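Since every read-out is calculated from the coordinates, none of them should be taken as a lab result. All values derive from a computational prediction rather than experimental measurement. Heads up, the Cβs are rebuilt from the backbone with ideal geometry, glycines too, and the neighbour counts pull from every protein chain shown.
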Amino acid sequence: MNTLRTMGCDRISDVLSKRWEFLWLNVSGLDLNDLDFLPYGFVYRFFEFNRGSCLQTFKLKYCRYTKLGYDSSNSLEWITQMVHRRVQHLDLENKYLCRLYIMPECVYVSKTLVSLKLVKIGLKDPKFDVSLPCLKIMHLANNYFKKPDRNGFCFMDYLCGDGHLIMKKLISGSPVLENITMEASICLPTGFSGYPLVNSFWTNVPQCLSSTLKYVTISVRIMDEETGIKLVNYFLENSAVLKKLTLSCKYYHKPKREAECYKKLLTSTKLSTRCQVLVS
């Protein structure tokens, strides 16, 4: 049953036998989206049954355009509960930016997370040191943040302002990180978010670059800015065991042969002689 989505487990166990009615509660994690109809108290029932247990996986996908599914305060509480229950794999995706969800700050200091995937999820700039001692896989895609001095939200730019600071803190606080993906469907021009572009990254090379980081994937769109090119070059220059750096064309709506031109902009000497630079 661990291979099925949560609502599938629930329905199958109901159909098979009354003896199996509560079997789905024994799964090692939850895989939910708000297209499912969840009975009141469904998730809290799961938490109560698994009190004190370590849970492996929590996936939550927001699919509705209008707010007909989960209450946002409930879903944020679920994420917090999962972190406190030492979840290892956290996967959050928000399909529509009209529904804005800010990740609870407790995620920044999880001592058990091994993988973290955040797609169109809001992030705060933590006013404390990020500490993710077990994190090996990080996937960030089209995230946003709320500016403290203004109403509304901005797309997270890895190259300037709060977005840049969050990116730096996440990587610096993940000493065993092996695989990082940074995706962006738009490239924010200089000054878009009210900050100048940053021309430097880390004063001291993060520990993961020196010892564990093997795979880096960065959107070609990020390289539309000069600082994006510098970011990619920084990874090449400072990642000691890097095996593959991929320039992703996922949001690049031009022929792949044009994206190949970006490789010519990478002028750094690779610290890892085994590293391949690919366009995919």
Exercise. Show the residues, 5+ positions off or on another chain, whose built amide H is closer than 5 Å to the amide H of LYS124.
Key: MET103
Practice problem: Work out the FRET efficiency for ARG45 and GLU93 from their Cβ-Cβ distance, taking R0 = 30 Å, and round it to the nearest 0.05. | Solution: 0.80
Quiz item: Once you put a point 7 Å from the Cα of THR203 and another 7 Å from the Cα of LYS263, both along the Cβ direction, what distance in nm separates them?
Solution: 3.8
Quiz item: Assuming R0 = 35 Å, what is the FRET efficiency of GLN56 and GLU237, from their Cβ-Cβ distance, to the nearest 0.05?
Solution: 0.45
Practice problem: Only residues of the stretch 74-88 count here: report those whose backbone N is under 13 Å from the spot 7 Å along Cα→Cβ of LYS111, or say none. | Solution: 84-87
Quiz prompt | Simple spin-label estimate for ASP224 and CYS134 in nanometres, 7 Å along Cα-Cβ | solution = 3.9
Quiz item: If the chain between VAL277 and HIS253 were fully stretched, how many nm would it gain, using 0.36 nm times the residue separation less the Cα-Cα distance?
Solution: 6.6 nm
